[in-house]
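Asks: One structure follows; several queries about it will come next.
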Amino acid sequence: MSVVLYGIKNCDTIKKARRWLDDNNIEFSFHDYRKDGISDSLLSQLEENIGWQAMLNKRGTTWRKLPEDTKSAIDKDSALNLMLENPAIIKRPILAYADSFELGFSSDTYQQIFTP
């Protein structure tokens, strides 16, 4: 099973998820949005599986720095464009495994995913 963890390297939640995967001997690759970017096709795939509303991080500094008129007029298209331009606004981590996606990190959820 190919496992990919998407996020930003210095995010505390990413660090927890990476540590959990390492501690449980789960092989994975890490895709850093800031370093590796995010393609239209990957963003579309994530949006289809998770939904743009769930992916949009409204608690982070990237969101808070946006003009009020941008925030109040947000819709699917503007949100996806914003995610392409500012990948830090995507909630993280996103775990891709076995054609499925999990948003966020919980040791209990990861345990369920990786326990046969």
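Derivation of every value follows stated rules applied to the coordinates shown; laboratory data play no part. This one's a predicted model, so the numbers in the text were calculated from it and none came from an experiment. Virtual Cβ from ideal backbone geometry, glycine too; neighbours counted across all protein chains shown.
Asks: Enter the Cα centre distance for the pair the stretch 6-83 and the stretch 90-116, rounded to the nearest angstrom.
Replies: Each part's Cα centre sits 14 Å from the other's.
Asks: Could you grab the relative contact order for the chain? Cα pairs under 8 Å, six or more apart, rounded to a whole percent.
Replies: On the way: 135 pairs, mean separation 44.1, N = 116.
About 38 percent, as a whole number.
Asks: Taking a 26 Å limit on the Cα-Cα distance, which of the listed pairs Lys15/Lys76; Lys35/Lys65; Lys15/Lys71; Lys16/Lys71 fall beyond it?
Replies: Long pairs (Cα-Cα over 26 Å): Lys15/Lys76; Lys15/Lys71; Lys16/Lys71.
Asks: Using only the alpha-carbon atoms, how far is helix 12-23 inclined from the longest principal axis of the chain? Give it as 0 to 90 degrees, nearest 10.
Replies: Approximately 20 degrees, to the nearest 10.
Asks: Sticking with this one: What do you get when you divide the Cα radius of gyration of the chain by 2.2 N^0.38 Å, with N the number of residues?
Replies: Values: Rg = 14.4 Å, N = 116, 2.2 N^0.38 = 13.4 Å.
Ratio of Cα Rg to 2.2 N^0.38 Å: 1.07.
Asks: As a footprinting exposure proxy, order Trp20, Trp52 by other Cβ within 10 Å, with the fewest listed first. Display every interim value, and only then the final one.
Replies: On the way: Trp20 16, Trp52 20.
Listing Trp20, Trp52 from fewest to most nearby Cβ atoms yields Trp20, Trp52.
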